[in-house]
Amino acid sequence: MNRTIRRAATGLTGLTMALTLAACGGGDSLESEGDNGGGGGEQSSGDSLTIGGANFTEATIMAELYARILADAGYSTTVTTVDSREIYEPELESGGIDIVPEYAATLAEFLNAKVNGADAEPVASPDVEETVTALRELAEPLGLTVLDAGEAADQNAFAVTEEFAAEHDLTTLSDLGESGLPIRLAAGDECAERPFCQPGLEETYGIDITEIDPRGVGTVQAKQAVADGQDDMVLTTTTDATLEDFGLVLLEDDRNLQLADNLLPVLNSETAGDEQIAETLNRLTETLTTDDLIELNRQVDAERRTAGDVAADYLEEQGLLGS
């Protein structure tokens, strides 16, 4: 149950869909005269970059972060979001999109299937360095440059109520397996067959999954079912910003069942191969943490702020603009 459940498994149904332009703050392109939405950089004539990615909260925030920090460095930037990796990855290869915020393990397996076939031996692992190395070996022949990964990661995760964890003294998935408790799991219906969901929980942790309640991955309905006691545990993600709202806590993946889905920039080597681009994005990658992602997601999902405003404030607060 890797991140392809939410990001990459939507199939090819949207291939005829036009790319949807979405600019910082929701409508206006960063390609404008003046401060480019960033605040301090001189715009470089002709240095126009399109930052793309998937159309969900976190990916949109990341694209806005990239666009604004690059605008501050002097580039003219535009954000475009689409529904699936199947659409934007070919655009990245062709140069229609210049830069995409990506997830190491998920992209590695996407390219692995694309290059070596759907039945190819997996190349991603829980080790981020090994995963990034494998990703680069697949990406470079396609004309893509993979920058370094940061600490921030968005992986599958499992949560229970605070009361359930306290009652049974649970902090890790190993604790849950050792408890012998029967677990009804709220998750996507693919969970029963995905190696990082039910099979992995059973084989790696010895957790007794008695039933999968198909309410989706980290949906409101799934989390509410656990909060109400209809289910015992929910499949969500490490950057879910609403767990506290449902009284839920994550159980640590202490045996590293999940793959290394650390965030990192992926660039078209020809159109975005400038060293300044890499240096600028690396400063952001080195700063961003998983906790930061959770907070940024919360501001958009719970406070209903725009991704552009949230990104701008974060870059300013972290001292990443005007340098």
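The values are calculated or read from the model by the stated rules, or taken from the named source; none is laboratory data. Owing to the predicted nature of the structure, the values given are computational and were not obtained by experimental measurement. Glycine gets a Cβ as well: all are built from the backbone with ideal geometry, and neighbour counts include every protein chain shown. Areas reflect the complete protein model, heavy atoms only, side chains present, ligands, DNA and RNA absent. Shrake-Rupley method; radii C 1.70, N 1.55, O 1.52, S 1.80 Å.
General remarks:
- Treating each Cα of segment 103-236 as an identical point scatterer and summing with the Debye formula, the log10 of I(q)/I(0) at q = 0.09, 0.16, 0.19, 0.22 Å⁻¹ comes to -0.34, -0.88, -1.05, -1.21.
- Percent carbon-and-sulfur accessible area, segment 36-188, ignoring ligands, DNA and RNA, probe 1.4 Å: 44 percent
- The Cα center of segment 135-200 and the Cα center of segment 109-132 differ in position by 17 Å.
- Shape category assigned to segment 255-294 from the gyration tensor of Cα positions, a/c cut at 1.5: oblate
- All other residues whose Cβ lies under 10 angstrom from that of Glu211 are scored, Lys and Arg at +1 and Asp and Glu at -1, for a net of -2.
- Subtracting the Cα-Cα distance of Ser94 and Phe56 from 0.36 nm times their residue separation leaves 11.4 nm of extension gain.
- Given the chain, longest segment not containing exposed loop GluC sites (Glu not before Pro) (DSSP; at most 13 other Cβ within 10 Å): 43-192
- For the chain, the ratio of Cα radius of gyration to the globular rule of thumb 2.2 N^0.38 Å stands at 1.01.
- The trypsin sites (Lys or Arg not before Pro) of segment 226-317 meeting both criteria, a DSSP state outside H, G, I, E and B (loop) and at most 11 other C-beta atoms within 10 angstrom of the site's C-beta, are Arg304.
- For segment 44-104, the share of alpha carbon pairs falling in successive 5 Å distance bins from zero is 4, 21, 31, 24, 14, 5, 1 percent.
- Centre separation in Å (Cα based) which lies between segment 208-271 and segment 292-323: 22 Å
- Extension gain, Glu286 back to Asp228 (0.36 nm per residue minus Cα-Cα distance, nm): 17.0 nm
- Gain upon complete extension [Glu137, Thr219; 0.36 nm per residue less C-alpha separation]: 26.0 nm
- The alpha carbons of segment 216-293 give a radius of gyration and a Dmax of 17.7, 53 Å, in that order.
- Inter-site label distance for Glu203 and Asn256 at 7 Å from Cα along Cβ, in nm: 1.7 nm
- Dipole moment magnitude, nearest 20 debye, segment 115-225 about Cα centre, only Lys, Arg, Asp, Glu C-beta charged: 400 debye
- Net charge of neighbours whose Cβ lies under 12 Å from the Cβ of Leu142, counting Lys and Arg as +1 and Asp and Glu as -1: -3
- Spin-label proximity, Arg184 to segment 191-214 - amide N less than 19 Å from point 7 Å beyond Cα toward beta carbon: 191-192, 198, 207-214
- Förster radius 51 Å - calculated FRET efficiency between Glu275 and Asp169, Cβ distance, rounded to 0.05: 0.50
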